[in-house]
Amino acid sequence: MKVLVAVKRVVDYNVKVRVKSDNSGVDIANVKMSMNPFDEIAVEEAMRLKEKGVVTEVIAVSCGVTQCQETLRTAMAIGADRGILVETAEELQPLAVAKLLKALVDKEQPGLVILGKQAIDDDCNQTGQMLAALADMPQATFASKVEVAGDKASVTREVDGGLETLSISLPAVITTDLRLNEPRYVTLPNIMKAKKKQLDVFKPEDLGVDVAPRIKTLKVTEPAKRSAGIKVPDVATLVDKLKNVAKVI
Amino acid sequence: MTSLVIAEHDNATIKGATLNTVTAAAAIGADVHVLVAGHNAGAAAAAAAQIAGVSKVIHADGATLEAGLAENVAAQVLAIASNYTHILFPATAAGKNVAPRVAAKLDVGQISDITKVDSPDTFERPIYAGNAIATVQSSDAVKVITVRTTGFDAAATTGGSAAVETTAAASDSGKSSFVGREVTKNDRPELTAAKIIVSGGRALGSAEKFNEVMIPLADKLGAAIGASRAAVDAGYAANDLQVGQTGKIVAPQLYVACGISGAIQHLAGMKDSKVIVAINKDPEAPIFSVADFGLEADLFVAVPELVAAL
């Protein structure tokens, strides 16, 4: 069984982004870029399924600018067998990415597609579910445990109030939550090996997908600033402030 | 122009997130209908009809809808989607699971996690863990939206007298089935609806200490318990207690952060709280930059002292 894993190149999670002064967006020039953390968990999960012998090939896919090749090389250094870049300089919104992935699903016929539950830049949390709908596949989002047996997967999901377990028929879409696994460190020999792995590049037109954005960003602004309050010397003062100044208890 | 709100419910009652979503729908300015898709959910549908501002409740009932499977719930929404210009879900685990499926089938973009309605096609939403607010405009015929509940007040649970219309339940997709649920049992208020939240971080050191220190404080304040990602990852607290960019977004009247350093991802989940208290022994901890009242102290001493003083 093949697994397709989608990986997104995003601003590194340690970077605090700044809003541009003309309010046209956030400034990402000269900012460290990394693989979306949830997608790293997705690649790791695919590798674990391969190591268990459930999966034969792991294909990493990224959609976006030329530099997404670096993200794909990272995925291949974790262990993905090959990479596919759908290259475009256009702004890609989740629906467009889901359509591109659907086209690749048709081409590659994977038994499972694993994606991060959300990207930490646009915080949308949409692509996996959209792909599942377009490909008419069942979905198990926010996964914290995945077990594949035969033509079914048992997936434990993080939901409000606890956990729930679903059984889904393959092919299916799974999106990862934080507790699914802890991604391995990438070793230098594996980085070297990844450079020699196959990486195919397509354009959205090659896949017959219209990626024009549906949602227009009119402006991007700073959130309302929360000013720092005061330090209190002891618990008694704290209780007094909460009771008599803030009046919240 | 008519909006459809997908209710979050447990078949017997309507969950609070639905009420905030109704307010967001009302802000769009159209008629507000509510879909209650469930099994033996008559009581929930009746409760939805009481919500102020709701003009019609559509009640779909069947075994296929009992577990809230995304495939079946999405099919139910799609069956009536053509009647609506706006389809709104609460941005909860359930809402986030289903909404994009509906949007993709309608071939429209989705606007996630809105915090403000500027006009029927223009909305504000936080991006980059809330470090920027984007104002976005949708050109699609139908707007599929998830609503960040902290951005909107709750609609009143009484005052409405909507008609309840029943409709046939969608058939089963046959591709997904519900196996079981492990519900975290406690008598505390729900995290996203609580007026007071006490939240613990990595500094607590173990699950035992987390419970030993945080539970008495929560009990004393009648508070919900939250946790930082670090505390959840380390196994000190259950996953559904995680407050932050990728966990729960909360905005209680009072948020007490104990031993939480205040990474931007955590701040993203709680910085809209009315009053923030930080107890941390590191004077440089970023949490102090958003705290109304900061107490620089060892939490193992300060929290029991606080419990005693309350």
Whichever residue in segment B:245-261 is free of Cβ contacts under 8 Å to residues at least 60 places away in the same chain and of a type outside the set (Lys, Arg) and, among such residues, is nearest to residue A:163 (Cα to Cα): B:247
May I ask you to list the residues in segment B:277-298 that are more than 8 Å from every other protein chain (Cβ to nearest Cβ), in contact with a strand residue (DSSP E or B) (Cβ under 9 Å, 6 or more places away or on another chain) and not in a loop (DSSP other than H, G, I, E, B)? B:278, B:279, B:280, B:287
Among the residues that make up segment A:197-207, is at least one of them modelled with pLDDT under 95 and either of a type in the set (S, T, N, Q) or more than 28 Å from residue B:115 (Cβ to Cβ) (or both)? no
How many residues does segment B:206-239 contain that are in a loop (DSSP other than H, G, I, E, B) and aliphatic (A, V, I, L, M)? 4
Of residues in segment A:1-28 being assigned to a loop (DSSP other than H, G, I, E, B) and of a type in the set (A, V, I, L, M, F, W, C), the one nearest to residue A:57 (Cα to Cα): A:1
Residues that are within 12 Å of chain A (Cβ to nearest Cβ) and in contact (Cβ under 8 Å) with a residue 60 or more places away in the chain, drawn from segment B:187-224: B:190, B:192, B:193, B:196, B:197, B:198, B:217, B:220, B:221
Within segment B:131-167, take every residue that is of a type outside the set (Val, Ile, Thr) and over 21 Å from residue B:19 (Cβ atoms) and give me the one that is farthest from the other protein chains (Cβ to nearest Cβ). B:141
Residue hits (segment A:1-39; more than 14 Å from the chain's Cα centre (by Cα), of a type outside the set (A, V, I, L, M, F, W, C) and within 25 Å of residue A:54 (Cα to Cα)) are A:2
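Each row is one residue, and each column tells you yes or no for (1) more than 20 Å from residue A:127 (Cβ to Cβ); (2) surrounded by 14 or more Cβ atoms within 10 Å (Cβ to Cβ).
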site	(1), (2)
A:149	yes, no
A:183	no, yes
A:187	yes, no
A:196	yes, no
A:208	no, no
Give the number of residues within segment B:95-130 that are more than 7 Å from chain A (Cβ to nearest Cβ), of a type in the set (A, V, I, L, M, F, W, C) and out of contact with any Phe, Trp or Tyr (no Cβ under 9 Å at 6 or more places or on another chain). 2
Take the residues in segment A:208-245 that are at pLDDT 95 or above and among the small types (Gly, Ala, Ser); name whichever of them is farthest from residue A:24 (Cα to Cα). A:236
Under 8 Å by Cβ, and 6 or more places apart or on different chains, what pairs join a residue from segment B:141-169 that is in contact (Cβ under 8 Å) with a residue 40 or more places away in the chain and basic (Lys, Arg) with one that is surrounded by 14 or more Cβ atoms within 10 Å (Cβ to Cβ) and not in a strand (DSSP E or B)? B:143/B:85; B:143/B:108; B:143/B:120; B:143/B:121; B:148/B:91; B:148/B:115; B:148/B:249
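So that you can scan it fast, the table gives a plain yes or no per residue for (1) among the β-branched types (Val, Ile, Thr); (2) in contact with a Gly (Cβ under 6 Å, 6 or more places away or on another chain); (3) crowded, with 21+ Cβ neighbours inside 10 Å:
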| residue | (1), (2), (3) |
| --- | --- |
| B:3 | no, no, yes |
| B:40 | no, no, no |
| B:46 | no, no, no |
| B:57 | yes, no, yes |
| B:73 | yes, no, yes |
| B:82 | no, no, no |
The conditions are (1) assigned to a loop (DSSP other than H, G, I, E, B); (2) surrounded by 23 or more Cβ atoms within 10 Å (Cβ to Cβ), and residue B:269 fails exactly one of them. Which is it? (1)
Please go through (1) of a type in the set (S, T, N, Q); (2) more than 8 Å from every other protein chain (Cβ to nearest Cβ); (3) part of a strand (DSSP E or B) for residue A:165 and return the number of the only condition it doesn't satisfy. (2)
Filtering segment A:207-231 down to residues that are within 7 Å of chain B (Cβ to nearest Cβ) and in contact with a Lys or Arg (Cβ under 6 Å, 6 or more places away or on another chain) yields A:226
I'm checking my understanding of the structure. Among residues of segment B:240-266 that are more than 13 Å from residue B:200 (Cα to Cα) and assigned to a helix (DSSP H, G or I), which one is farthest from the chain's Cα centre (by Cα)? B:264
Looking at segment B:2-10, can you tell me whether even one residue there is of a type in the set (Asp, Glu) and more than 20 Å from the chain's Cα centre (by Cα)? no
Leading residue by the ranking (nearest to the other protein chains (Cβ to nearest Cβ)) among those in segment A:168-201 that are part of a helix (DSSP H, G or I) and within 22 Å of residue A:138 (Cβ to Cβ): A:179
For segment B:103-119, which residues satisfy the criterion of being surrounded by 24 or more Cβ atoms within 10 Å (Cβ to Cβ) and over 17 Å from residue B:21 (Cα atoms)? B:103, B:104, B:109
Condition set among the polar types (S, T, N, Q) and within 7 Å of chain B (Cβ to nearest Cβ), scope segment A:119-143, selection farthest from the chain's Cα centre (by Cα): answer is A:139
Close pairs from segment B:96-120: first farther than 21 Å from residue B:134 by Cβ and modelled with pLDDT of 95 or more, partner assigned to a strand (DSSP E or B) and basic (Lys, Arg), Cβ under 9 Å, at least 6 apart: B:97/A:157
Please indicate, with yes or no, whether at least one residue in segment A:177-185 is in contact with a Phe, Trp or Tyr (Cβ under 8 Å, 6 or more places away or on another chain) and under 22 Å from residue B:226 (Cα atoms). yes
Check segment B:162-173 and report whether any residue there is among the small types (Gly, Ala, Ser) and under 25 Å from residue B:227 (Cβ atoms). no
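The values are calculated or read from the model by the stated rules, or taken from the named source; none is laboratory data. All values derive from a computational prediction rather than experimental measurement. Cβ coordinates were reconstructed from backbone atoms using ideal geometry, including for glycine residues, and neighbour counts include every protein chain displayed.
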